[in-house]
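Just below is one structure, and these are the notes that go with it.
The values are calculated or read from the model by the stated rules, or taken from the named source; none is laboratory data. Because the structure is a prediction, the values reported are computed rather than measured. Cβ: placed from backbone, ideal geometry, glycine included. Neighbour counts: every protein chain shown.
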Amino acid sequence: MKIVSVKQMRELDRQAIDSGISGEHLMELAGRGASHEIASWLHDLGRTGRRRVSLLAGKGNNGGDAYVAARYLAAETNLQTTVYSVCSPEELDGDARINAERLPAGIPLIVCPEKLPESSLADDTLVVDGLLGTGLGGDLREPYKTIIGQVNRSRCPVAALDIPSGLDGDSGRPTGELAVEADLTIAMGLPKSGLFSPVGRIFCGVLRTVDIGLPEALAASAAATGEADFASDIAALLGRRPPDSHKNTFGRVLVVAGSGRYIGAPALTARAALRGGAGLVTAAIPRGLWVKTPAPALPAALIVHPVAGGEEACRFNRSSIPELAELADRAEAVAFGPGVGVEPGTGDVLQALLEHSRVAVIDADGLNLIAAAPEHFATALDGHLLTPHPGEMARLLKAFNLTAQGGDDRKQQALVLARATGATVVLKGMNTITARPDGRHWLNSSGNSALASAGTGDVLTGLIASLLAQGHKPAEAARIAVFIHGLAAETAGRSQRGLIADDLPEAIDEALRRISPFA
């Protein structure tokens, strides 16, 4: 999905209206879609005790969206719905006024020209921010400054319509000293650049987007500032699974992971590969680890292949290569790196696997092995995937003398490394970036802070490998996996603090079903 500037989105709205689509229709779809996303998000939050919703309406179209959303939330949920407006409906113009006057009698409308009443921010309340959206021009004025301060000091979850009020839609920076701190932001039409800036995303929380009925050809003609992946983008990539399929249809994954210090890594990676839909998954682990160390419970569907190596140290070494090479020859995709260590001989294992793999996902210690000996891997990574977190990325850039070219910009770092190595690069973190060597790249919109936990990257590695084995090209497999991985964290039914990597593989199924009925 294209990321656009505020100016470009306004132009798209104008062109849609000039083509015969009414602004009233665009606003209706925006508010209805927002109410659906809010209700779905509340469901995912679980037992939050929300009994009422306070919708905050400003003087422009963002306020109009809030009036529409109020109608649908009142009709489709059991939430006590109230609209708090900074002005009376008589002061509004155009479509915003039409929708304010359509507000059913059963939905209270309270005019708040100075500040919100305390009752609007009770602990059992969800707040919907329809104050300013992208309509903010210049410094934040009253009563918006006071109201935003009240919202941020409350204990209420906040859903923002289009963009958190107080943020610049292009830069993502607060225009003054504060902006709404949202937990959910629902972009109307196409997402704005500010939602994906390093500062802006901190204010946005979970990101969703709503189709407001822009003609497809019109959206396709828009000049973009970048590309992002939302649920609709991933659904288009997944497609149907053929009904006459069998296990070989969906490919074989070889997971090469684990050592004496990291006995859980193979299980996390392999479980994710299975849940991602691969036909057959083999976990190759050091024989000493299998024999001597109590291993975590493994799925019965998993094939475990103990491999010769440093039995005493429970790790792979040069003697592991013949067995691993034979296994890699039979696999459509290889996942290498989680927990393997960086002891002598492990780099030779990686070199051999790259020679025998159709395509490999290299993560964790695999990346550290490359950074330690870049001269051995400079020409061997073409066509494979690298999945660094920021620390691993810094080491790789330094190893390949790319630090100055990458700078501090995450997008630039991913693109520089992809061009230099010929690999598809997945730079993990907020707005995870998938970059191809040809310069095309995508920002991910899913995920939350639950992923800032040990082992979640191992799960992502297995999921990418699973999609590769099913026939997806490297960048496509990475984009799907990154989005599903993030959505699994959002919808796993765990708190952000309480979710651990062990929970993620089992949440992949629900995330896939959210995306497509054919998943």
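Okay, residues lined up against (1) over 27 Å from PHE196 (Cβ atoms); (2) under 26 Å from the mean Cα position of the chain (by Cα); (3) modelled with pLDDT of 95 or more:
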site	(1), (2), (3)
VAL4	no, yes, yes
GLU37	no, yes, yes
LEU56	no, no, yes
GLY63	no, no, yes
CYS87	yes, no, yes
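Could you check ARG419 against (1) in a helix (DSSP H, G or I); (2) crowded, with 24+ Cβ neighbours inside 10 Å and say which number it fails?
(2)
GLU510 passes all but one of (1) of a type outside the set (Lys, Arg); (2) surrounded by fewer than 18 Cβ atoms within 10 Å (Cβ to Cβ); (3) touching a strand residue (DSSP E or B) at 6+ places or on another chain (Cβ under 9 Å); which number fails?
(3)
Listed here are the residues, each with its yes/no results for (1) at pLDDT 95 or above; (2) part of a loop (DSSP other than H, G, I, E, B); (3) over 14 Å from LEU131 (Cβ atoms).
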residue: ILE147; (1), (2), (3): yes, no, no
residue: GLN150; (1), (2), (3): yes, no, no
residue: ALA160; (1), (2), (3): yes, no, no
residue: PRO164; (1), (2), (3): yes, yes, no
residue: GLU181; (1), (2), (3): yes, yes, no
residue: GLY194; (1), (2), (3): yes, no, yes
residue: VAL199; (1), (2), (3): no, no, yes
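Quick one: would you say ALA364 is of a type in the set (A, V, I, L, M, F, W, C), in contact with a helix residue (DSSP H, G or I) (Cβ under 6 Å, 6 or more places away or on another chain), surrounded by 24 or more Cβ atoms within 10 Å (Cβ to Cβ) and within 13 Å of VAL255 (Cβ to Cβ)?
Against the criterion (of a type in the set (A, V, I, L, M, F, W, C), in contact with a helix residue (DSSP H, G or I) (Cβ under 6 Å, 6 or more places away or on another chain), surrounded by 24 or more Cβ atoms within 10 Å (Cβ to Cβ) and within 13 Å of VAL255 (Cβ to Cβ)), ALA364 does not qualify.
Out of all the residues in region 220-258, which are of a type in the set (A, V, I, L, M) and either touching a Gly at 6+ places or on another chain (Cβ under 9 Å) or without any contact (Cβ under 8 Å) to a residue 12 or more places away in the chain (or both)?
Passing the criteria: ALA220, ALA236, VAL253, VAL255, VAL256, ALA257.
Mind checking whether some residue in region 235-251 is outside any helix (DSSP H, G or I) and either buried (at least 22 other Cβ atoms within 10 Å of the Cβ) or of a type in the set (A, V, I, L, M) (or both)?
Among the residues of region 235-251, at least one is outside any helix (DSSP H, G or I) and either buried (at least 22 other Cβ atoms within 10 Å of the Cβ) or of a type in the set (A, V, I, L, M) (or both), which makes the answer yes.
What single numbered condition from (1) buried (at least 20 other Cβ atoms within 10 Å of the Cβ); (2) out of contact with any Leu (no Cβ under 9 Å at 6 or more places or on another chain); (3) farther than 23 Å from ARG315 by Cα fails to hold for ASP382?
(1)
Here's the yes/no breakdown for (1) over 24 Å from THR424 (Cα atoms); (2) assigned to a helix (DSSP H, G or I):
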{"position": "SER466", "(1), (2)": "no, yes"}
{"position": "GLY471", "(1), (2)": "no, no"}
{"position": "GLU476", "(1), (2)": "no, yes"}
{"position": "HIS485", "(1), (2)": "no, yes"}
{"position": "GLU490", "(1), (2)": "yes, yes"}
{"position": "SER495", "(1), (2)": "yes, no"}
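State all residues of region 118-140 that are assigned to a loop (DSSP other than H, G, I, E, B), without any contact (Cβ under 8 Å) to a residue 12 or more places away in the chain and surrounded by 11 or more Cβ atoms within 10 Å (Cβ to Cβ); if no residue qualifies, say none.
Within region 118-140, none qualify.
Out of region 31-85, which residues are free of Cβ contacts under 8 Å to residues at least 60 places away in the same chain, buried (at least 18 other Cβ atoms within 10 Å of the Cβ) and of a type in the set (Val, Ile, Thr)?
VAL68, THR81, THR82, VAL83 - these are the residues of region 31-85 that are free of Cβ contacts under 8 Å to residues at least 60 places away in the same chain, buried (at least 18 other Cβ atoms within 10 Å of the Cβ) and of a type in the set (Val, Ile, Thr).
Given (1) surrounded by 21 or more Cβ atoms within 10 Å (Cβ to Cβ); (2) assigned to a loop (DSSP other than H, G, I, E, B), where does MET430 come up short, assuming only one miss?
(1)
With within 25 Å of VAL4 (Cα to Cα) and either modelled with pLDDT of 95 or more or among the aromatic types (Phe, Trp, Tyr) (or both) as the only criterion, which of ARG419, ARG410 stands out?
Among ARG419, ARG410, only ARG410 is within 25 Å of VAL4 (Cα to Cα) and either modelled with pLDDT of 95 or more or among the aromatic types (Phe, Trp, Tyr) (or both).
From (1) under 24 Å from the mean Cα position of the chain (by Cα); (2) among the polar types (S, T, N, Q); (3) within 30 Å of SER357 (Cβ to Cβ), pick out the condition that doesn't hold for THR249.
Here THR249 meets the rest and fails (1).
Quick check, is ALA270 without any contact (Cβ under 8 Å) to a residue 12 or more places away in the chain, assigned to a helix (DSSP H, G or I) and either under 27 Å from the mean Cα position of the chain (by Cα) or under 29 Å from THR346 (Cα atoms) (or both)?
So ALA270 does not fit the description; no.
Tell me which residues, restricted to region 106-117, are crowded, with 17+ Cβ neighbours inside 10 Å and β-branched (Val, Ile, Thr).
Matches in region 106-117: ILE107 only.
Which condition number does GLU343 fail, the rest of (1) crowded, with 20+ Cβ neighbours inside 10 Å; (2) more than 24 Å from the chain's Cα centre (by Cα); (3) outside any helix (DSSP H, G or I); (4) not small (Gly, Ala, Ser) being met?
It fails just one condition, (1).
Tell me which residues, restricted to region 343-381, are acidic (Asp, Glu) and either free of Cβ contacts under 8 Å to residues at least 40 places away in the same chain or over 20 Å from ALA418 (Cβ atoms) (or both).
Within region 343-381, GLU343, ASP348, GLU355, ASP365, GLU375 meet the criteria.
Report whether or not ARG173 is outside the structural domain of ALA39 (by TED's automatic domain parsing), in contact (Cβ under 8 Å) with a residue 12 or more places away in the chain, surrounded by fewer than 21 Cβ atoms within 10 Å (Cβ to Cβ) and of a type outside the set (A, V, I, L, M, F, W, C).
no
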